[in-house]
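The values are calculated or read from the model by the stated rules, or taken from the named source; none is laboratory data. Keep in mind that what you see is a predicted model, and the values were worked out from it rather than measured. Here Cβ is always computed from backbone atoms with ideal geometry, including for glycine, and neighbour counts include all displayed protein chains. To get the accessible areas, we keep the full protein, side chains included, count just its heavy atoms, and leave off ligands, DNA and RNA. Shrake-Rupley method; radii C 1.70, N 1.55, O 1.52, S 1.80 Å.
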Amino acid sequence: MNVLAELERQGLGNILRLALERFKRDQTLGRITKPLENADAQALERLLGKPVRTLDLQVLDAALQKSKYQVSLLEVLETLNRAPIISAKSQRQHLENMFQTALENVIDLEWNELLQNGEAGASRIKRAIKEELLVPLEMVSNAITLLRQQPQRLPTLATQVAGHAHALDSDTLAGQILLEALSALQLEPPVRDGVSSSVLIAKLHGFTCVHLPWREVIQLPRQQTDVLFLENPAVFEALLDTGITRPMLCSQGQPSAACIALLDKLEGKILFAADFDLGGLRIAKRIAGRYPNRFKPWHFDKSAFQAALEKTGGFSLTANLEPYKTLFPELVSAMQETGRGAHQEAILEMFCQEVIATP
């Protein structure tokens, strides 16, 4: 006799599916407190011989064993499941065990520690393991080791660790894990080539004003000098027009690989100026996080923000600024209280007057 088919003909199909879902949680014959639908309750009543409103798996198991079918609930549920039943708890433990085994291939100790704490790509890796994908952690770990030693071009790096120039592209699992890991480790991702990424500089290494590509930046010697960091090309050029002699660089938005490589080559203070908006705060957080002992705001504070508002009134700003409040408490509080942002151009005159007065 096909017991499962017979029970389904008796209208117990949905009851059994509910029982299977409940049993998978912890592999116990527990209860479902939610009241049953009328049709399900009536079908169960016919089996038990008494009225019911909720499903108790222990009661159902006893009834099946005493019935003409003489089977346990577990036997029926495994037939329904078409495989031995593994509880959600057991599945989670199995996944965690596989994750820990995979981490044995991560020789970069700092990355390994972040993964153990659930950071730096851990969620993506666990999801891939669950989907039974090949997770190339050894390859990614080796790539990180090489990037710690010196900057790398992406195709060259991929060829070294995998024998294939596109093995670490952003559309691959390995490439995606690598990018998450590098972001958490505050390491700059590899560039695809040495000329696409550049940084705008002035009064540095003998250059008056030039876009310097990454391939040239990495050849520069280290230099002990303070540098004025700007994100806005218009402000950069206005300061250049004053005859400024102070070394400057312009990120033109989020810092490029060339920009970070240049900052790595410098050893003085980073005098940071940016727009008073979400983009400016993001850049500030990145630079302050990477160079905590060198980062120094330059007209990037509450008083400069208020001066910018007085000049132009600013613009509406509704973004969530809480993640930046620890680094810039007074500035962020002022931006939140007013609900406004402002551009650097509003206080451009302040910038120019200061650099003219300061050799």
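Observations
- Helix 348-357 axis, angle to the chain major axis (alpha carbon atoms, nearest 10°): 50
- Protection proxy ranking for 172-183, 39-50, using the average of other Cβ atoms within 10 Å per residue and placing the highest first: 172-183, 39-50.
- Per DSSP, loop trypsin sites (Lys or Arg not before Pro) in the stretch 205-307 with at most 11 further Cβ within 10 Å: Arg222
- Rg and Dmax, both from the Cα atoms of the stretch 1-58 and both in Å, are 11.2, 32.
- Stretching the chain fully between Thr159 and Ile107 yields a gain of 16.8 nm (0.36 nm per residue, less the alpha carbon separation).
- Trp298 long-range amide H proximity, modeled H, under 5 Å: Phe272, Ala273
- Tail beyond 39 Å, pair distance distribution of the chain (Cα, percent): 44
- The residues of the chain have, on average, 52 Å² of accessible surface per residue, using a 1.4 Å probe with all protein chains present.
- Antiparallel beta bridges, as assigned by DSSP with both residues in the chain, represent about 50 percent of the total such bridges.
- With R₀ fixed at 56 Å, the C-beta to C-beta distance from His166 to Glu337 puts the FRET efficiency at about 0.70.
- Relative contact order computed over the stretch 114-212 (Cα-Cα under 8 Å; 6+ residues apart), in percent: 23
- Of the GluC sites (Glu not before Pro) found in the stretch 86-157, those in coil by DSSP whose Cβ has at most 10 other Cβ atoms within 10 Å are Glu131, Glu132.
- The calculated P(r) of the stretch 195-262, using every Cα pair and 5 Å bins from 0, goes 4, 18, 32, 28, 14, 5 in percent.
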